[in-house]
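Taking it in order: structure first as structure tokens, then the write-up.
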Amino acid sequence: MRILVLGAGFGGLELSTRLSAEFGDDVDIVLIDRGEGFVFGFSKLDVMFGRTVPSAVVHPYRDLAKPGLRFVRTTIRSIDPAAKRVDTDAGPFEADIMVVALGADLDPSATPGLVEAGHEFYTVPGAFALRDVLPGFDGGRVIIGVTSTPFKCPPAPSETALMMHDHLTGRGIRDRCDISLVMPFGVPIPPSPAASEALLAAFAERGIHWHPERSVRALDPDRRVAVLSDGTELPYDLFLGVPVHRAPAVVMASGMAVDGWIPVDPSTLETTFPDVYAVGDVTSVGTPKAGVFAEGQASVVAEQIAARLRGEGEPPAYDGRGVCYLEFGEDVVARVEVTFLRGQAPVGALEGPSRALAADKREFGTSRIQRWFDRTWD
């Protein structure tokens, strides 16, 4: 069976790994991505705040070597979901089953003034560049602001505010800085009241200003103010933004997207095109746009494909469950478990925050690099 996997993030790596582990050379998996390597979202923040260096957190795709799997680094130019075919700079590829795991593209230019007068920290280049910017900041007003919804990893802006506090404190300049967090939600993590309560307490304790139910509409480079969605303005000296998210242009041109994202069956992740699945940020399945949810969805698709290869019946449906780690700073971490099921209110639980959970977060990363790339990560 020929399986074409588009995108080598959480979803594409997990799917390819599971199918290779069970079927080896009995399947022909082609995994396509234009990137050099995989980077965890939390690693971007570690680099940004000087905790580590870029070379330590980029996991090169050239290291992928699994039975039945071929990685192709190239750019996808068109997708034909009916034919299960893509055209790329490396030529065409066709398959019996296609899985779209291309994530969301980020568009800083969609927010007026962001490129000219601010910084974004959600792309790998943007976060890595801030590693050199932050040491030169000698005090003033810092804004961490979300420009639109949906956006990836909803806890990340809160983590960034708390880590910024630690960074400025460590440099001895926190007393001459203000930190503001602007988010479109009423609370930091709506599915988990306990996590939101813990974050709001942490903001209050650290003097971080919380601006809920608003987004950043534009930056005015001349006046150095952020214009919010309710028309109010906040002055700033350093702006760190979460840019507009969109489905990749090649997905939009394929005819798969509806209202900006790919609709899927919430139980199986199959699209409206037979034998074409989609997982992760590129979908409108109803879970947050976060790697752990893409991973969980990929495991369901892997089971769908595996059941067909084994000649078995329908495997269990997607359960909408995801677990993420929330950085509170000073090596204190919380664990948030959330379940999203269609037609039901999301349910979230909080463990921590504590120093003990920092080791769990590290194990989360190291175990996946071991599983996906067959190597250790210190």
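A compact table of results
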| quantity | calculated |
| --- | --- |
| SER109 paired with ARG362, simple spin-label distance in nm, labels 7 Å along Cα-to-beta-carbon | 4.2 nm |
| Charge context of ARG62, other residues only, Cβ under 10 angstrom, K/R +1, D/E -1 | -1 |
| Inter-part distance where segment 136-194 and segment 5-22 are each reduced to a Cα centre, Å | 33 Å |
| Max mean-square fluctuation residue, GNM over the chain, Cα-Cα springs under 10 Å, options CYS324, CYS177, CYS153 | CYS177 |
| Local electrostatic count at ARG321 - Lys and Arg +1, Asp and Glu -1, tallied over other residues with Cβ under 14 Å | -1 |
| For VAL242, residues with placed amide H under 5 Å, excluding near neighbours | GLY145, VAL146, THR147 |
| Reachable lysines, given that their alpha-carbon falls under 17 Å from the alpha-carbon of LYS44 and they are not under 8 places away in the same chain | LYS152, LYS289, LYS361 |
| Semi-axes of the equivalent ellipsoid for the chain, Cα gyration tensor, largest first, Å | 36, 22, 20 |
| Rel. contact order, % - alpha carbon contacts under 8 angstrom, at least six apart, the chain | 18 percent |
| Reference-scaled alpha-carbon Rg (2.2 N^0.38 Å with N residues) for segment 106-245 | 0.97 |
| Loop-located GluC sites (Glu not before Pro) in segment 275-360 whose Cβ has at most 16 other Cβ within 10 Å (DSSP) | GLU312, GLU330 |
| Whole-Å distance, taken between Cα centres, linking segment 276-312 and segment 314-369 | 18 Å |
| Segment 154-311: C-alpha gyration tensor shape, a/c 1.5 cut-off, then a/b vs b/c | prolate |
| Least to most buried among ASP25, ASP281, ASP80 (fewest other Cβ within 10 Å first) | ASP25, ASP80, ASP281 |
| Local electrostatic count, GLU337, Cβ distance below 10 Å [Lys/Arg +1, Asp/Glu -1] | +1 |
| PHE328 long-range amide H proximity, modeled H, under 5 Å | VAL333, ALA334 |
| Computed E for VAL133/ARG310 - FRET, C-beta separation, R0 56 angstrom, nearest 0.05 | 0.60 |
| Check: the chain dipole with +1 on Lys, Arg Cβ and -1 on Asp, Glu Cβ, in debye | 360 debye |
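Rule-based calculations on the coordinates, nothing more; no lab input. Source: prediction; values computed, not measured. Virtual Cβ from ideal backbone geometry, glycine too; neighbours counted across all protein chains shown.
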